[in-house]
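Presented below is the structure to which this report refers.
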Amino acid sequence: MREILEKIRSEALRALSESDAQIEDLRIKYLGKKGELTAVLRGMGALSSEERPVIGQLANEVRASIEKKIEELSQFAKKKELEQRLISEKLDVTLPGTKVPVGHPHPLSLVQKQLEDIFLGMGYTIVDGPEVEYDYYNFQALNIPKDHPARDTQDTFYITENILLRSQTSPVQARVMEKTQPPIRIISPGRVYRSDAVDATHSPLFHQLEGLVIDKNVTMGDLKGTLELFAKRMFGEDTRIRFRPHHFPFTEPSAEVDVSCFMCGGEGCRFCKNEGWIEILGAGMVHPNVLRNCSIDPEVYSGFAFGLGIERIAVLKYHIDDMRLLYENDIRFLNQF
Ligand code: DAH
């Protein structure tokens, strides 16, 4: 029996030392429940009482040496595997990362933000209004009764007889005045709609920014000063403005406002069609009828209003010769801003 145990030990250790040793298989073969060593131990009952402890001790030694070898080998295998993983999963943290494409604001948003900043700096607050609007606020409250010819220039999309897509941001004026007693100082940027065919200067959807100031003793001089400051901030310190008489039903007097051409400084060039001036907005002193419609006493208060097209400012500022480019959203175009 002693020889058998010694043989098991030497065989097992040799088998385990071979380079392609299947450690788990060998463990089962020698140490498992049905393994060779176990089989020998089962036969110990047949030994004499003197032999039994000696063989028993030897058997334990054999088991211990095989277990030790197996433990060494599996530690080694684990280490090897870890090294392999460290090599194969190596990360070079100095490599440049994959760039995530990040967008940026659309030119119309850029211009709107700049306009907002200019007026916020003058103490205005920004007010929102509904795009689906009542005929009353879009027209009637603004001194444009049903069948008034001024409606022809602002034909829009009707949802019902009395509900439409707003054709201008001016209805926000009426909504604000109705709810707030002066002093009022607001701007209202947003989308407006008109039943116009698309071309280089028209779109059925575009953006306007409305301004409204109501207080005691507000004069045309205040309007002029405000718009001049705005023009300088928007187009440069040398910009001048001029008022041309015009008619809007909701203001009296009314004016169209031009800025001196910021390309030629007013000399006349291709950009300003040799005029030296570029039209940018409509403005005027709020009509007493509009104040009355909105429960503000025109004997106590006066005010001015203005409205400009955000697209118009954007095409001027960025020298865009076709407004459609602003809506097509071609990345090659948008990336330039
Ligand atoms: N709502 C006008 C339009 O769309 C623009 C405008 C002109 C607004 C004069 C005003 C204003 O508030 O006073 O043509």
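The values are calculated or read from the model by the stated rules, or taken from the named source; none is laboratory data. None of these values were measured; they are calculated from a predicted model. Positions of Cβ are backbone-derived with ideal geometry, glycine not excepted, and every protein chain shown enters the neighbour counts.
Odds and ends about this structure:
- Pair list, Cβ < 7 Å and 6+ apart or interchain, from the range 170-183 residues that are closer than 12 Å to ALA305 by Cα and among the basic types (Lys, Arg) to residues that are within 16 Å of the ligand (Cβ to nearest atom) and modelled with pLDDT under 95: none
- For the range 134-142, the count of residues that are among the acidic types (Asp, Glu) and away from the ligand (no atom under 16 Å from the Cβ) is zero.
- Unique match (being loosely packed, with under 10 Cβ neighbours inside 10 Å and of a type in the set (Asp, Glu)) among ASP135, ASP117, ASP92: ASP92
- Among residues of the range 258-273, those that are modelled with pLDDT of 95 or more and farther than 18 Å from GLY309 by Cβ, counted: 1
For (1) closer than 23 Å to ILE280 by Cβ; (2) under 26 Å from the mean Cα position of the chain (by Cα); (3) away from the ligand (no atom under 13 Å from the Cβ), each residue gets a yes or a no:
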residue: HIS148; (1), (2), (3): no, no, yes
residue: TYR158; (1), (2), (3): no, no, yes
residue: LEU165; (1), (2), (3): no, no, yes
residue: VAL172; (1), (2), (3): yes, no, no
residue: ARG194; (1), (2), (3): yes, no, no
residue: GLU210; (1), (2), (3): yes, yes, no
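For (1) in the same structural domain as LYS78 (by TED's automatic domain parsing); (2) more than 17 Å from LEU73 (Cα to Cα); (3) over 60 Å from the mean Cα position of the chain (by Cα); (4) of a type in the set (A, V, I, L, M, F, W, C), each residue gets a yes or a no:
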| site | (1), (2), (3), (4) |
| --- | --- |
| ILE8 | yes, yes, yes, yes |
| ARG14 | yes, no, yes, no |
| LYS33 | yes, yes, yes, no |
| VAL40 | yes, yes, yes, yes |
| GLY43 | yes, yes, yes, no |
| ALA46 | yes, yes, yes, yes |
| GLU51 | yes, yes, yes, no |
| GLN57 | yes, yes, yes, no |
| GLU61 | yes, yes, yes, no |
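- All positions within the range 181-233 that are modelled with pLDDT under 95 and under 24 Å from MET263 (Cα atoms): ALA200, THR201, HIS202
- Residues satisfying the stated conditions in the range 307-325, i.e. farther than 21 Å from GLN140 by Cβ and in contact with a Ser or Thr (Cβ under 8 Å, 6 or more places away or on another chain): GLU311, MET323, ARG324
- Counting only strands (runs of 3 or more DSSP E) that sit wholly inside the range 104-216, those with at least 2 residues that are within 17 Å of PHE250 (Cβ to Cβ) are 132-134, 184-193, 205-215.
- Options VAL300, VAL315, VAL286: the member that is within 16 Å of the ligand (Cβ to nearest atom) and assigned by TED's automatic domain parsing to the domain that holds PHE243: VAL286
- Applying the condition of being small (Gly, Ala, Ser) and in contact with a Gly (Cβ under 9 Å, 6 or more places away or on another chain) to the range 212-259 and asking which residue is nearest to the ligand (Cβ to nearest atom) yields SER254.
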